[in-house]
Each structure stands twice: as C-alpha cells, then as structure tokens.
Amino acid sequence: MSSNSHSAAASGLDLSRWRNLPVILMVAGAMGAGACLAFGSVKQFAYSWLLAFMFSLSFCLGAWFLVMVHHLFDASWSVPTRRLCEHLACLLGPAMILLFLPIAITAKSIYPWMTLVPPDHALKAKYPLFTMPGYYVTMAVLFGIWWLYTNRLRHWSLRQDETGSAECTRRMRFYAASGVALFALTLTLAAIVLMKGLMSEWYSTMYGVWYFAASVWVTLPTVYVITLILQRTGPLRNVVRENTYYMIGSLFLAFTVFWAYISFSQYFVVWNANMPEETFWYVLREKGSWDYVGKYVIIFGHFFVPFLMLLRIDWKLRLDTMLPLAAWAWLMHFVDIEFQIMPSLHPDSILTSGLLVDFACVLFFTGVLMKVFIVSLNRHPVYPLKDPRMSEALGLYVPPAARSATPEEAK
C-alpha cells in the first residue's frame, strides 16, 4: 500500500477513549425513545423502533450471508474477517430477539391490517401470513432458524480453533450450503412481514431481493471499518493483508450496482404495469418532501456517490476515502429504511416524521449490539486460528507433508 494511502498496517490508533461509547449510545438513545413514549405518541415510538430494528437487522443478515459465502466459495482473502462476521451474525440470536419484543407488543399500532374488520379482498389473498397467529408464528420460526444456523456456524468455527479437524470444515460447509436457501426465504419473509406489511395491499416480487442487496451493501463497509480498527489496535495486525481491504471494497462496489439495479427494476416494473395495487406505494412517496428523498437523496447519495468513489482501484485502499464513505453508507441506509417505513405514518414530509425519535432508537440499538459484539469479540479468538486457508490468506507457501511409502510401494 502506498505511503499516501495511510496503510492499515500502521499502528498508533488509540481507542481507549471510546471504550464507553456503547453505554453512551444506549443511554442517549433510551432517553430519546423514552421521552417519545412518555410524552409523545406510542404509535410514533412503535414506528421508530421498527425502523431501528430493520436498520440493525440488515447488518446481522448481511454478516450471516458473508459467512456462508466464505464457506461456499472456499475463499482465502476473507479468512481474517470470518470471525468478525460470525459475531455480527450471532446478534440474530438473543440480542435481536429481545429487541423485537417492543414490536411484538405494539404490533397493532404499527400494522393497519391487524385491526381491519372485516378484512378486504387483498388481505384475504395473503392468508394465513397476514393474520395475528401467522405474524407471530412466522417471526418465531424466523428467529429460530437464524439463531440455529448462526450459532452452529460459530460453534464449529470455534471447535476448529481447538482441533483443526477437517470435520469442522465439513460441518460449516453443510450449514452454509443448506443455510443459503433458508437465508433467502427467511430474509424475504422478514421484509414482507415487517416492512411490506405496513401497506398490506401492495404487491412486489422484488422487495426481498431489495432488502438483501441493501443488507449486504451496508454490512461490507462495516466489516471494513471493524477490520481496520482491530488491525491498527493489534489483534489483526499480522493476519490482514491489503488484498482483504481490496476485496471488501470490490464487493462494496458490486453491491452498490446490484442495489441500484434492483431498486430501479422494481420501480420500472411497477410503473410499466400501471396497476393501482402496485402504483399507490410509489404515488405516496412522490408527495411532499418524500419526493426529493426518493429522487435526489437516494438516487445520488445511495448510488452515484459510492459508485463513483469506488471505481478507482486505489481508493478502495485509502482510509481517508473509505472511512468517510462507510459513514456515508450508514447514513444512506438509514435514509433508505426511513423512505420504506415512515411514509406510512407521515405521508406529507420526512421533516415531520419524527427523525429525532428514529435516530434515538437507532442509537440505542447500535449501543446494545456494539456491547454484545465486543463481549463476544473479547471472549473468543479474533480470527480463525486453524482455518486451512490461513496460510494462503497470509501469502505464505506451506509445502505438503512428505507422504510415507505404503508397504506395497516399499517392496
């Protein structure tokens, strides 16, 4: 890496002043969300909590996908970051389940179809998913699958650290191969039940793919930043190479284009079909200041800014480029989730959509998940110790062990 790229191998990054950051975020977020609950609207709190949940869920699901892709493609560049993604994915377990409870309690305030009597034709066509039992059973099944697969992937990864057995690798590949299909199904159901269900009449066959693209897109710069911090503070200093950052940046560019393709394709299909059951979703988002958010902030901020910045190969390795771009990606993802959820509650303007409460809930979620992630990080080795691809990831050549002659060959 060139001298003007502020090599990630350099040391001297002191993070001791930030050790209390998760607690600060939790307290600040709890105060903002609590003030809304106490003095404002329960419905506003419920929508803001849902926004924070979907924002945070995307990081966890994106990390789970990256773990599975690592095993399915038997990659070497991602070995140093595999454990980080495993810890992020395991947040789908107890942490996100507990954070979902306020949504489960306030669901009737969020989803109009739960109180629609009698149900209309569009709602009847989506039985039994959009029913009270269907909603809660679906979410229980989703959390069960997420918890099982992410836990098993990390379990066998940690077992590999102890034994180095090939059985551990086979087990992880099994959970990755079977999990990738369940990942697609469960992510799509989560997007439909939790966000698309805000307007149950709406039809879109691409909504799950959109949430998948957005989730992986925002997870990649997050992994980039965490890897950088752990390399410059010591734990990953000797195992992360330039190629790791380059590959993460390349995937970031790829998913920038993929997200834009899916977002435009969904809009184009709805516009071209011109069916009232589909167009009303976009008509609502072309009113007031939401129109500027969709046409300018998301198109230019979510796509063109990262796309143009990531085209240059060397900029994927420049910290003065990638760190601000990561922060920009988090902001754009927040705006994108806001654009999906809040017009249902505040159809006129994003400025009246309770942005402060939304931001407070996101801060609380971020603090909680950061705390759980750091605890997991300190409890286990930061990277896979006995991954068979580790030597390749380090750029080392390990000659094969000499094979002993069989008795037949000795004769």
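Side notes on the structure shown:
- Only residues that are surrounded by fewer than 16 Cβ atoms within 10 Å (Cβ to Cβ), out of contact with any Cys (no Cβ under 9 Å at 6 or more places or on another chain) and of a type in the set (A, V, I, L, M) were counted across segment 356-384, and they come to 2.
- Some residue of segment 239-250 being closer than 25 Å to residue 197 by Cβ, surrounded by 13 or more Cβ atoms within 10 Å (Cβ to Cβ), under 26 Å from the mean Cα position of the chain (by Cα) and among the charged types (D, E, K, R): no
- Looking across segment 78-103, the residues that are among the small types (Gly, Ala, Ser) and in contact (Cβ under 8 Å) with a residue 60 or more places away in the chain come down to 78, 89, 95.
- Enumeration of residues in segment 253-284 that are hydrophobic (A, V, I, L, M, F, W, C) and not in a helix (DSSP H, G or I): 275
- Pair list, Cβ under 6 Å, 6 or more apart: segment 166-180 residue without any contact (Cβ under 8 Å) to a residue 12 or more places away in the chain and more than 12 Å from residue 150 (Cα to Cα), other residue of a type in the set (A, V, I, L, M) and surrounded by fewer than 21 Cβ atoms within 10 Å (Cβ to Cβ): none
Conditions (1) at pLDDT below 95; (2) in contact with a helix residue (DSSP H, G or I) (Cβ under 7 Å, 6 or more places away or on another chain); (3) buried (at least 23 other Cβ atoms within 10 Å of the Cβ), marked per residue:
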residue	(1), (2), (3)
63	no, yes, yes
69	no, no, no
76	yes, yes, no
84	no, yes, yes
98	no, no, no
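- Residue that is nearest to residue 157 (Cα to Cα) [pool: residues in segment 389-406 that are at pLDDT below 85 and small (Gly, Ala, Ser)]: 395
- Candidate set: segment 294-353, residues that are basic (Lys, Arg) and surrounded by fewer than 17 Cβ atoms within 10 Å (Cβ to Cβ); chosen: the one nearest to residue 46 (Cα to Cα): 295
- Residue in segment 104-120 that is surrounded by 22 or more Cβ atoms within 10 Å (Cβ to Cβ), touching a residue at least 24 places away in the same chain (Cβ under 8 Å) and closer than 30 Å to residue 374 by Cα present: no
- Looking across segment 274-303, just one residue is without any contact (Cβ under 8 Å) to a residue 24 or more places away in the chain and within 21 Å of the chain's Cα centre (by Cα), and that is 299.
- Flag for residue 227 being under 27 Å from residue 82 (Cβ atoms) and either free of Cβ contacts under 8 Å to residues at least 12 places away in the same chain or polar (S, T, N, Q) (or both): yes
- Which listed residue, of 176, 181, 190, is out of contact with any helix residue (DSSP H, G or I) (no Cβ under 8 Å at 6 or more places or on another chain) and aliphatic (A, V, I, L, M): 181
- Residue within segment 274-282 that is out of contact with any Asp or Glu (no Cβ under 7 Å at 6 or more places or on another chain), surrounded by fewer than 13 Cβ atoms within 10 Å (Cβ to Cβ) and at negative phi present: yes
The values are calculated or read from the model by the stated rules, or taken from the named source; none is laboratory data. Since this is a predicted model, take the numbers as computed values, not measurements. Neighbour counts run over all protein chains shown; Cβ positions are idealised from the backbone, glycine included.
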